[in-house]
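Beneath this line is the structure, given in structure tokens, with notes to follow.
Each value in this text was obtained by applying a stated rule to the coordinates, not by laboratory testing. Treat the numbers as computed from the prediction; the structure is a model and nothing was measured. Counting neighbours? That spans all protein chains shown, and the Cβs are built from the backbone with ideal geometry, glycine included.
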DNA sequence: TAGATTGTTAATCGATTAACAATC
DNA sequence: TAGATTGTTAATCGATTAACAATC
């Protein structure tokens, strides 16, 4: 059976955060950094940083560390953000419109180039300079724009169908902002991005850990979230 | 060092998704369900569903399955969403405003009751019926409203300071929508929610720059997302 | 050289899956 | 009872951490 060689999800997330930190370091004028510094920024361990990077090659020099700019470019390449990604937004309600207009995407090489909505009253209008297309035109527009990634911002009841339409049109990666569980073929990468799901992660953790005696302090979740300054 | 047994992050996420599915099942009029059905909906295994639930008690009956409504209430209680959570939004730019107005939150028991911005021109204005407060009033407003969760939607350069202000004011859970790495004390739960970080997860998996061939190879990603690329 | 820090291997830890007795 | 499905234990799998030789 064919196996899948994919980057561990946790590593993928950390790479993004390393990149954010390297951007910051570059802004500050730092030329080199080390696994220890990167780890400290995220609350991870130095070993984990080196392990993560070692999956993709050798980027540092023993005794010296990493060149900030060099590592930045390497991680951008690994994440695939050394090139531009045309992105579609499906559903231009309140959230969809905000996503369509959100400036930061372009700075990170994601361009919202296509919008879709089922409401004929919205089709043809412009949001942030992009025309809203009908769902019927999805195949055509997605192909023309070379879209492979999409943001799904439709109501829960429309999520499954809209997601399937995206997949048929050739999209292979979807962020699902709808409060619904969507099932797609395994080849499609689908992440839940519904803010209420994320809020539930907070309430779950926050109510699960009501002020405990200090001797039993939180293990702090993964290094990605918020490991403390406090150590013992 | 002592550790706390907190709910595994992955379990927490699945619980949210089980809940979405149970909501759907309840809408459809289903009265019972099984670990196999829940698993199928998410692309997980039945064993995993039962294992997740077994962390919190016994909710099903052998040979019968789970009562949809009963399990729904149980999961709502575990996630802490059987009660209302007052939520603050910091930064009412494009994204912050959309978050402040997003309707779905209230349906899920999260009420946006406080807004903050550093811009004096925005302070005092209303968004979705909530007045924008100044950062100086944060301590007071957060205390008055009993806010423990916050959405951080400020620019990257302001994220660390704003997050620290939230923590000082008593907030213990934060979704970070800013494209910056934020470090906070371990007791605070902090999740990255920056959409560009999420998009990078997609581009990373979709372009799946596979590691140099090694003796070991990756597995297929968690059932929650989707399996990666098939190679070989 | 001496000190620093890498890349990698081995040990640990945690999470997922398979199997099955219990039981409705 | 016979069939179905749970909750749980043991086995597997993967990810994190510690340790260290290599090397700048």
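With both partners inside segment B:85-197, how many of the DSSP beta bridges are antiparallel, as a percent to the nearest 5? Working shown, then result.
On the way: 2 of 23 bridges.
Counting DSSP beta bridges with both partners in segment B:85-197, the antiparallel share is about 10 percent.
For residue B:136, the label point sits 7 Å beyond Cα toward Cβ; its separations from the matching points on the remaining copies run 5.8 nm, from shortest to longest.
What is the average number of partner chain Cβ atoms found within 10 Å of a Cβ in A:106-112?
Working: counts 1, 3, 8, 4, 6, 0, 0.
Average per residue, whole number: 3.
Return the calculated 222 nm mean residue ellipticity for the protein assembly as shown, to the nearest 500 deg cm²/dmol, obtained by summing -39500 (n - 2.57) across DSSP H runs with n ≥ 4 and dividing by the residue count. Show your work: numbers first, answer last.
Details: 18 runs with 191 residues, N = 464.
Only helices count here, giving -12500 deg cm²/dmol.
At the listed q of 0.20 Å⁻¹, the Debye profile of segment B:4-79, built from one uniform point per Cα, gives log10 I(q)/I(0) equal to -0.80.
With Cα atoms defining each centre, segment A:131-173 and segment B:110-186 are spaced 34 Å apart in the structure.
Counting DSSP beta bridges with both partners in segment A:87-138, what percentage is antiparallel, nearest 5? Antiparallel bridges make up about 20 percent of those DSSP assigns within segment A:87-138. By its C-alpha gyration tensor, with a ≥ b ≥ c as the square roots of the eigenvalues, how is segment B:38-77 shaped: rounded for a/c under 1.5, else prolate for a/b larger than b/c, else oblate? Rounded, because the longest to shortest axis ratio a/c is under 1.5.
For the protein assembly as shown, with equal point scatterers placed on the C-alpha atoms only and solvent neglected, what are the log10 I(q)/I(0) values from the Debye formula at q = 0.13 1/Å, to two decimals? With one equal scatterer per Cα and no solvent, log10 I(q)/I(0) is -1.36.
Mean projected area of the Cα convex hull of segment A:85-197, taken over all directions, amounts to 6.4 nm². With the radius of gyration and the Kirkwood radius both derived from the Cα set of chain A, what is their ratio Rg to Rh? The Rg/Rh ratio comes out at 1.02.
Test of understanding: express the Cα radius of gyration of segment A:15-140 as a ratio to 2.2 N^0.38 Å, with N the residue count. Could the numbers behind the result be given before it?
On the way: Rg = 19.6 Å, N = 126, 2.2 N^0.38 = 13.8 Å.
Its radius of gyration relative to the 2.2 N^0.38 Å reference: 1.42.
With a simple spin-label model that places each label point 7 Å from the Cα along the Cα-to-Cβ direction, the separation between residue B:32 and residue A:84 comes to 5.7 nm.
Sorted shortest first, the distances from the residue B:31 label point to those of the same residue in the other copies are 7.5 nm; each point sits 7 Å from Cα along Cα-to-Cβ. Cβ-to-Cβ counts within 10 Å put B:75, A:127 in ascending order as A:127, B:75, the fewest first. For the segment B:146-153, counting C-beta atoms of other chains within 10 Å of every residue's C-beta and taking the mean gives 2. Relative intensity of segment A:140-206 on a log10 scale, I(q)/I(0) at q = 0.22, 0.23, 0.25 Å⁻¹, equals -0.88, -0.94, -1.05, per a Debye sum over C-alpha point scatterers of equal strength in the absence of solvent.
Across the identical copies, the 7 Å label point of residue A:168, projected outward along Cα→Cβ, sits 5.5 nm from its counterparts, in ascending order. One Cα centroid belongs to segment B:1-72, the other to segment A:25-81; the line between them spans 39 Å. Label positions at residue A:126 and residue B:103, each projected 7 Å from the Cα along the C-beta direction, are separated by 2.8 nm.
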